[in-house]
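Here's the structure, in structure tokens; my notes come after.
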Amino acid sequence: MRVLLVQAFTAQDMELVYPLGLASLAAHLDGHEVRIFDLNLHPEGPLEALDRALRGWRPEVVGVSLRNIKVARPGEHRDDFGPQREVVARVRQAAPGAVLLAGGAAFSLYAEVFMRRLPEIDLGLWGEGEERLPELLARLDRPWEVRGIYWRDGQQVRYSGDPAEVNFAALRRPRRDLVPLAPYAAHALTSVGVQSKRGCALHCIHCSDTFLLGTRVRQRAPARVVDEIQELVEDYGVRRFFFADTIFNLPPRHALEIARELIDRRLDVEWAAWFNEHRQTLPDELIAAVREAGCGLLSFSPDHVEDRMLARLDKNFRRADLDYTTTLGRRHGIDVEYSFFLNSPGETPATLLAILRFLAQAKRELGPHLRAFTLLMMQPIRLYPHTRIAELAREEGLIDRDDDLIEARFWNPGPLSLVVAGVQRGASLAWRVRQASRSAGR
Ligand code: B12
């Protein structure tokens, strides 16, 4: 069959994100002709370009990847759902006879909502697709025989039941040949993804990753991960990438083995990843190894700095660990960035101030190694479905019971929300001033 995999819009004001999910799916579609079309590569007229791709090739199945529900920043937010709706409608219009299949992280988070609000979608695949998409393509007339499928029965939307997790270690390498890598590689350090594990053993109350990928961490053999990186370097000239793992250093041994493998192969690469803050997950030998292996940035999401607040957010570390991260950055001369939630459950003026004090302390200690991006990473928590904080927000009456959370909702109650707006404005001004002075200095 001719299968066109379409990457729908990602956030327009952020990094271009390589469609890793589609490249990974494509690697498992033996016996089909597969192409990938990324709308985000066509800023001049994405929908027109999609139209041409559909009419020119006439695929029998169009798989649309709905990755983000978020396509803009809070504050600038207008309508996050509109762009997704337009893509689906355009596919239906330009390929009226094709089976329109939806999948991707945002689809999986909001599957029933998407199925209800976008009647053009014929079928939806929940979760990881490498093992089940080939099964589904072989049973398009009996989708209920495949687990994790949303299908239509007249006016009803039905679901075939939860699937098992994929055997991640056994998956093939993503098909990197199906979309040009150069535009992503040229964009941001975070644009090209490589995944070394799926699932997360942490339980932060705001996060929906465990709903999508489970709490059991499934790892790929370090040598296989580095084979993929070597392929990026040698076959595509891509030397900068981001580990698309929920947390890279859990378990620390796996991260260490990947770093050692990178060092042994002498690949001249530059990369970043998300790290957990708990001191035991950051042994010195790991930080020394990741630095030598090309890691230029430890990206942390501590979310808060006070023990009481960290406990409420169900984080696995405390303030002493966070202080340790700044020491590490200084000692190893490696860049560090942090993201924080403002006005999260239990916040008071004093705890909010504690975040700003921590940043001042981190700046003193880290100097230029504290990435200024931290200034933009201070936001109230956006509420996503299937999270404990969304449930809490319903219990506390912050959102309606039946709010489907497609439109952005934040945990940002009371008068502190005004302070939050002020802090965000100040931080964003400081960021702009810094960027302007950097470009003037160039
Ligand atoms: C790594 C990552 C990033 C990295 C990406 C690095 C890179 N170059 O790849 C960076 C830092 C750039 C990033 C940024 C953001 N991210 Co992010 N990110 C992730 C993370 C942890 C992994 C994504 C990934 O690469 N997975 C690996 C691939 C193989 O998996 P996949 O894409 O999900 O595809 C599989 C399935 O979804 C499915 N599938 C996918 N498409 C299709 C299509 C069809 C037809 C079918 C059948 C199946 C299918 O099959 C695939 C193979 O199994 C996910 C968390 C998660 N649980 O997925 C969040 C996640 C995707 N991000 C999210 C968000 C919100 C963002 C940001 C908006 C955050 C922000 N800063 O405000 C930005 C947006 C950036 C942008 N330009 O749009 C959300 C998106 C959903 C939502 N809530 O809107 C997620 C799901 C996190 C969450 N739980 O909320 N992110």
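Summary table
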{"quantity": "Unique residue being among the aromatic types (Phe, Trp, Tyr), within 30 Å of Leu383 (Cα to Cα) and modelled with pLDDT under 95 when the list is Phe81, Phe114", "calculated": "Phe81"}
{"quantity": "Test for Ala102: is it small (Gly, Ala, Ser) and either assigned to a strand (DSSP E or B) or more than 8 Å from the ligand (Cβ to nearest atom) (or both)", "calculated": "yes"}
{"quantity": "Given (1) within 13 Å of the ligand (Cβ to nearest atom); (2) out of contact with any Ser or Thr (no Cβ under 9 Å at 6 or more places or on another chain); (3) not in a helix (DSSP H, G or I), index of the condition Leu232 fails", "calculated": "(3)"}
{"quantity": "Residue check, Val113 in the same structural domain as Phe241 (by TED's automatic domain parsing), more than 11 Å from the ligand (Cβ to nearest atom) and not acidic (Asp, Glu)", "calculated": "no"}
{"quantity": "Criterion (within 14 Å of the ligand (Cβ to nearest atom), over 21 Å from the mean Cα position of the chain (by Cα) and in a loop (DSSP other than H, G, I, E, B)) met by exactly one of Pro174, Pro163, Pro119", "calculated": "Pro163"}
{"quantity": "Cross-chain or 6+ apart pairs with Cβ under 8 Å, the range 194-217 first and farther than 14 Å from Ala164 by Cβ and charged (D, E, K, R), then near the ligand (Cβ under 10 Å from one of its atoms) and assigned to a helix (DSSP H, G or I)", "calculated": "Lys197/Phe168"}
{"quantity": "Among residues of the range 123-169, those that are over 13 Å from Glu112 (Cα atoms) and hydrophobic (A, V, I, L, M, F, W, C), counted", "calculated": "11"}
{"quantity": "Checking His28 against (1) in contact (Cβ under 8 Å) with a residue 60 or more places away in the chain; (2) more than 8 Å from the ligand (Cβ to nearest atom); (3) not in a loop (DSSP other than H, G, I, E, B), the condition it does not meet", "calculated": "(3)"}
{"quantity": "Contacts under 7 angstrom Cβ, first residue in the range 122-136 being of a type in the set (A, V, I, L, M), partner assigned to a loop (DSSP other than H, G, I, E, B) and more than 7 Å from the ligand (Cβ to nearest atom), 6 or more apart", "calculated": "Leu125/Gly148; Leu133/His28; Leu133/Leu29; Leu136/Val146"}
{"quantity": "Filtered residues of the range 394-419 (kept if over 23 Å from the mean Cα position of the chain (by Cα) and small (Gly, Ala, Ser))", "calculated": "Gly397, Gly414, Ser417"}
{"quantity": "The listed residue being away from the ligand (no atom under 16 Å from the Cβ) and surrounded by fewer than 23 Cβ atoms within 10 Å (Cβ to Cβ), out of Arg253, Arg216, Arg240, Arg224", "calculated": "Arg253"}
{"quantity": "Residue pairs meeting the criteria (Cβ under 6 Å; at least 6 apart or on separate chains; first in the same structural domain as Tyr338 (by TED's automatic domain parsing) and part of a loop (DSSP other than H, G, I, E, B), in the range 304-324; second among the polar types (S, T, N, Q) and surrounded by fewer than 20 Cβ atoms within 10 Å (Cβ to Cβ))", "calculated": "Glu306/Thr351"}
{"quantity": "Any hit, the range 122-131, residues being touching a Pro at 6+ places or on another chain (Cβ under 7 Å), more than 8 Å from the ligand (Cβ to nearest atom) and in a strand (DSSP E or B)", "calculated": "yes"}
{"quantity": "Matching entry among Leu66, Leu50, Leu41 (being of a type outside the set (S, T, N, Q), within 14 Å of the ligand (Cβ to nearest atom) and buried (at least 19 other Cβ atoms within 10 Å of the Cβ))", "calculated": "Leu66"}
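The values are calculated or read from the model by the stated rules, or taken from the named source; none is laboratory data. What you see is a predicted model, and the numbers here were worked out from it, not measured in a lab. Note that each Cβ is placed from the backbone with ideal geometry, even for glycine, and that neighbours are counted across all protein chains shown.
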